[in-house]
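Notes follow once the structure below has been shown.
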Amino acid sequence: MDKLSKITDWSDRNTCVLLGDGAGAAVLGKVSDDKGILSFELGADGSGGKELYQDELGLLRMNGRSVFKFAVRQMPEACINVVEKAGLSKEDVDYLVPHQANIRIMEAARQRIGIDEDKMAKTIQYYGNNSSASVPIALSQSVQDGKIKDGDIVVLVGFGGGLTWGAVALRWGK
């Protein structure tokens, strides 16, 4: 659960209009041999810690330009890395579920992976950027809408403070 409203500086118009509260979860369980997690990547670049962090008052601070540049580079790179680690190609990806931070960041990831626009989850227009909750919310919405089907190759990717990132490639289903 992300309750960003508690750490948002409402006088900082550069960040307060971007962030929202949200909650999401994914339940993992046993799957057949041909389904489940194929590869993953987790990373951190502490040199970017000053770009997105909580200050001494506990309020969120962000250098939007630096975070944007980081995310536009790192999200697609993480996606490509997990696809290659899984022994797949970009053409094998059926659906992309990115962190719903910014449509331009999401589009950069989608274009670099080379998948069609209709194969990318987009919930930011409904819920805004609710930080780490955005990926499970977008995943749930995509499953409910029938956009992710049994056997699909799905890539989930996100980034956050610190600066950190993570991605996973999986074959959807039981």
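Observations on the structure shown:
- Output for segment 11-67, where each listed residue is small (Gly, Ala, Ser), surrounded by 13 or more Cβ atoms within 10 Å (Cβ to Cβ) and within 28 Å of Ile153 (Cβ to Cβ): Gly22, Gly24, Gly36, Ser39, Gly43, Ala44
- Val31 being among the β-branched types (Val, Ile, Thr), touching a residue at least 40 places away in the same chain (Cβ under 8 Å), closer than 18 Å to Trp172 by Cβ and assigned to a loop (DSSP other than H, G, I, E, B): yes
- At least 3 residues being crowded, with 17+ Cβ neighbours inside 10 Å is the threshold, and among the helices (runs of 4 or more DSSP H) wholly inside segment 68-174 those reaching it are 103-113, 134-144.
- Restricting attention to segment 35-91, the residues that are of a type outside the set (A, V, I, L, M), within 22 Å of Ile103 (Cα to Cα) and in contact (Cβ under 8 Å) with a residue 40 or more places away in the chain add up to 9.
- Some residue of segment 3-14 being at pLDDT below 95, in contact with a helix residue (DSSP H, G or I) (Cβ under 7 Å, 6 or more places away or on another chain) and not in a helix (DSSP H, G or I): yes
- Odd one out for Gly48, checked against (1) more than 17 Å from Val135 (Cβ to Cβ); (2) assigned to a loop (DSSP other than H, G, I, E, B); (3) in contact with a helix residue (DSSP H, G or I) (Cβ under 7 Å, 6 or more places away or on another chain): (2)
- For segment 148-167, the set of residues classified as modelled with pLDDT of 95 or more and on the phi > 0 side of the Ramachandran plot consists of Gly151 only.
- Test: residue in segment 55-73 that is in contact with a Gly (Cβ under 7 Å, 6 or more places away or on another chain) and acidic (Asp, Glu): no
The values are calculated or read from the model by the stated rules, or taken from the named source; none is laboratory data. As the structure is a computational prediction, the values presented were derived from the model and not from experiment. Quick reminder, even Gly has a Cβ in these numbers, built from the backbone with ideal geometry, and neighbours come from all protein chains shown.
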